[in-house]
1. Label Ser79 and Thr57 with points 7 Å out from Cα along Cα→Cβ: what is the distance between them in nm?
2. Using a Förster radius of 25 Å, what is the FRET efficiency between Arg117 and Thr50 based on their Cβ-Cβ separation? Nearest 0.05, please.
3. What are the radius of gyration and Dmax of region 17-89, computed over its Cα atoms and given in Å?
4. State log₁₀ I(q)/I(0) for region 52-118 at q = 0.17, 0.21, 0.27, 0.28 Å⁻¹ as given by the Debye formula over alpha-carbon point scatterers of equal weight, solvent excluded.
5. How much length, in nm to one decimal, is gained on full extension between Ile31 and Arg108, taken as 0.36 nm per residue of separation minus their Cα-Cα distance?
Amino acid sequence: MLKTLVAVVAALVMTSGLAFAGDPVGRYSVIGSNPGSKDRYAGTVTVERTGETFRVTWDIGSQTFIGTGIGSNKGFAVSYRSGSQTGLAIYGAEGDNWEGVWTYTGGRDIGGEVWTRR
């Protein structure tokens, strides 16, 4: 699955004139796991269009993570930050929902996330 997501995101990044019908804009419930851990977390994710990019906001417990994404209705990549933490996530469309993997900058393990449209 990771190889497929990476290939989708790479193709999307290389094509700048994408159609954005059915893009990831919306509000989601999120369930995920941290890199190198089986512990689960839950919260919400909001995706907003900001021109050709997306603003992605995760609210997980008392923490808020802000990211910038690129892509389309098939897949997208997001770099994010919260305080001094930064990282990268890639997602593929699963119907009206999204599934992806992520890691911290400098990380050696990956975590996973599933977004369910609200």
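1. Simple spin-label model gives 2.1 nm for this pair.
2. 0.80
3. 12.7, 39
4. Calculated log10 I(q)/I(0) at the listed q: -0.60, -0.92, -1.39, -1.44.
5. 25.6 nm
Just so you know, all these numbers are worked out from the coordinates, no wet-lab data involved. Computed from a prediction, not measured in an experiment: that's the story for all the values here. Because the Cβ atoms are built from the backbone with ideal geometry, glycine has one as well, and the counts that use them run over all protein chains shown.
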